[in-house]
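A short write-up of the structure that comes next.
The values are calculated or read from the model by the stated rules, or taken from the named source; none is laboratory data. Everything numeric here is computed off the predicted structure, so don't read it as measured data. Note that each Cβ is placed from the backbone with ideal geometry, even for glycine, and that neighbours are counted across all protein chains shown.
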Amino acid sequence: MADEKPVLEETAPDTTPDVPAKPKSRRRFIVIGVVALIVVGGLLFWWHSTYYEDTDDAQVNGHLIQISSRIAGQVIKVNVEENEAVKKGDVLVEIDPKDFQVAEQQAEANLQSSEANYEAAKVNVPVTTINTGSTLSSAGADVHGSNAQIAQSEKQLEAARARVVQAQANATKSDADLQRYKPLVEKDVISKQQFDAAVDAADANKAALAEAQANVVAAEDAVRVARDNLARSQAALQFAQTAPKQVAIQKARADQAGAQVAQAQAQLDQAKLNLSYTKIIAPEDGIVTRKSVEINQNVSVGQNMMTLVSLDDIWITANFKETQLEHMRAGQPVVISVDAYGGRKYDGKVTQIGGATGSVLSLFPPENATGNYVKVVQRVPVRIDLAKPEQNSDHLLRPGLSVEPKVTVKQ
């Protein structure tokens with residue numbers, strides 16, 4: 001048994017054809033590639049969401065200038081058509097200027113008349129000052145003269161009354177002498193000549209008495225006249241003492257005339273302004289839209305005739321979700337992609353972040369007091385200005401175009 005050798009079993013030859021073996025690592029490579037793509041995509045998403053914020057809820061905004069009339073009148077010329085580009089200062093519409101030209105001429109005539117009245121009033125001020133001053137001085141002198149005249153008349157009256165007393169005494173003495181001489185002349189004690197002399201002396205004294213009495217009456221009249229002159233002089237002095245008031249009145253008239261000149265000048269300026277308003281000019285460069293004015297149309301003050309879209313002052317209003325504003329600040333750079341031009345890029349910067357969400361600023365803000373509140377992510381308007389305005393020198397950005405801004409919130 002020990003010497004027995006194992007019997008080897010003879011195997012049949014393998015007649016199956018050779019088939020190339022599939023690489024065992026192909027599936028592994030696919031799995032690794034998918035995982036790598038997922039990782040890279042995740043990293044890119046994380047990097048993008050960390051360093052950038054973007055939105056597709058954004059559009060171009062600009063100034064829409066409403067062109068209206070500042071005066072009422074009839075349109076005689078319209079120089080623009082719908083969607084026509086205009087430059088600042090171009091005449092858009094002309095209104096019939098005839099009525100306003102007449103108003104300007106009338107205002108100029110009123111101004112000239114007011115200036116003439118003012119010059120006359122100014123000249124009267126120094127004339128009135130001189131006249132009233134001389135009148136005041138003359139009236140004062142007249143009062144002093146009247147007082148002196150009264151004093152002189154009263155002195156003359158006193159002298160006349162003294163002469164009456166003297167003449168009365170002389171007449172009494174003459175009468176007494178005559179009474180004494182009558183019996184003496186009858187007895188031939190005195191001569192007839194002496195008696196006649198006594199009679200003549202008595203008559204002369206009576207005449208002197210009458211004259212003295214007449215002088216008293218005249219002196220009394222002179223005193224009364226002097227007092228009347230004093231009253232007139234005092235009245236004239238009181239009137240002359242109103243000279244400062246008269247000068248002030250004349251100055252006030254001159255000032256009033258000056259104010260009328262200023263008023264007439266203002267009316268002329270307004271007339272010139274109204275005449276200039278007959279030509280309605282473009283306030284900015286832009287494109288005319290919504291034209292609603294035609295020739296021979298009567299327009300009123302404030303009536304809108306067309307809208308001018310300004311293409312120079314353009315900005316972007318982007319509505320970002322409130323969850324995107326954590327790291328957003330004014331001054332951050334922005335890349336703006338415009339849908340209308342195949343994604344053309346513009347450089348911008350964040351200028352302002354809105355003070356309230358769009359829903360709050362809407363015409364009908366939402367009411368959340370119903371008890372069925374559902375939290376909705378709100379959007380906040382963010383203003384983005386062009387960092388390089390020369391990029392829009394061709395004015396391709398138009399208000400209302402959709403854009404996609406991407407804000408770099410981290411460097």
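Worth pointing out:
- Of all residues in the range 257-282, those satisfying the criterion of being of a type outside the set (Ser, Thr, Tyr) and more than 22 Å from the chain's Cα centre (by Cα) are Ala257, Lys279, Ile280, Ile281, Ala282.
- Of all residues in the range 147-194 being β-branched (Val, Ile, Thr) and part of a helix (DSSP H, G or I), the one that is modelled with the lowest pLDDT: Val185
- Taking strands (runs of 3 or more DSSP E) as the structural unit, those lying wholly within the range 1-100 and holding at least 2 residues that are more than 29 Å from Leu325 (Cα to Cα) and at pLDDT 75 or above correspond to 58-68, 73-78, 91-95.
- Members of the range 74-123 that are buried (at least 16 other Cβ atoms within 10 Å of the Cβ), in contact with a helix residue (DSSP H, G or I) (Cβ under 9 Å, 6 or more places away or on another chain) and of a type in the set (A, V, I, L, M, F, W, C): Phe100, Ala103, Ala107, Leu111, Ala121
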